[in-house]
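Asks: Here it is, the structure, as structure tokens.
Please treat every number below as a calculation from the coordinates, not as lab data. This structure is a prediction, so every number in the text was calculated from the model and none was measured. Counting neighbours? That spans all protein chains shown, and the Cβs are built from the backbone with ideal geometry, glycine included.
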Amino acid sequence: MVKYFETTSVFRFSWDQVAQGFWKRYPNPHSNHVLSEDTIFREIRGNKLFTKRLLTKTNRVPKWGEHFVNARTVKIVEESITDPKEKVLITYTRNIGYVRVM
């Protein structure tokens, strides 16, 4: 069984505002569920910036789910490709915890 979800969003803001917002998301006082954000890979190829980050987030589990999931944190891998020339930002995120539960 494949676990996959895709969405596309177009924001009514300038490219600079959206790109800066993406890169300045964490840390911030409104996202206290994000415990850490570590860049584990960054490379420029041509006009594109390729980045891989590891995020550690708290995991609020509903009372009924505590029987299945007892960990309070979860790791997320975020891979992104930024092309400032074409004004495109693509990001892939995957949860690397709770694979057996999903």
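Asks: Summing +1 for each Lys or Arg and -1 for each Asp or Glu, what net charge is found among the other residues whose Cβ lies under 15 Å from the Cβ of Glu86?
Replies: +2
Asks: Another question about this same structure. With a cut-off of at most 14 other beta carbons within 10 Å, and DSSP calling the residue loop, which GluC sites (Glu not before Pro) in the stretch 1-54 qualify? Please list them.
Replies: When the GluC sites (Glu not before Pro) of the stretch 1-54 are filtered for loop state and at most 14 Cβ neighbours within 10 Å, Glu6 remain.
Asks: Run the dipole for the stretch 15-95 about the Cα centre, Lys and Arg Cβ at +1, Asp and Glu Cβ at -1, nothing else charged, and hand back the magnitude in debye, nearest 20. Spell out each step's value before the answer.
Replies: Values: 15 positive and 9 negative charges, 28 e Å.
Using Cβ point charges on Lys, Arg, Asp and Glu, the stretch 15-95 gives about 140 debye.
Asks: Also: Give me the one-decimal nm value for the distance between modelled label points at Trp15 and Lys85, 7 Å along each residue's Cα-to-Cβ direction.
Replies: 1.1 nm
Asks: Counting alpha carbon pairs within less than 8 Å and at least 6 residues apart, what relative contact order, in whole percent, applies to the stretch 15-95?
Replies: Working: 123 pairs, mean separation 19.2, N = 81.
Averaging sequence separation for qualifying contacts and normalising by length gives 24 percent for the stretch 15-95.
Asks: Which length gain, in nm to one decimal place, applies between Arg42 and Arg25 when the Cα-Cα distance is subtracted from 0.36 nm times their residue separation?
Replies: Numbers: separation 17, 0.36 × 17 = 6.12 nm, distance 1.75 nm.
Extra length from Arg42 to Arg25 when fully extended: 4.4 nm.
Asks: So, in nm, how far is label Arg72 from label Tyr4 when the simple model puts each one 7 Å beyond its Cα toward the Cβ?
Replies: 3.7 nm
Asks: Rounded to two decimals, what ratio of Rg to Rh does the stretch 15-95 give with C-alpha atoms and a Kirkwood Rh?
Replies: A ratio of 1.07.
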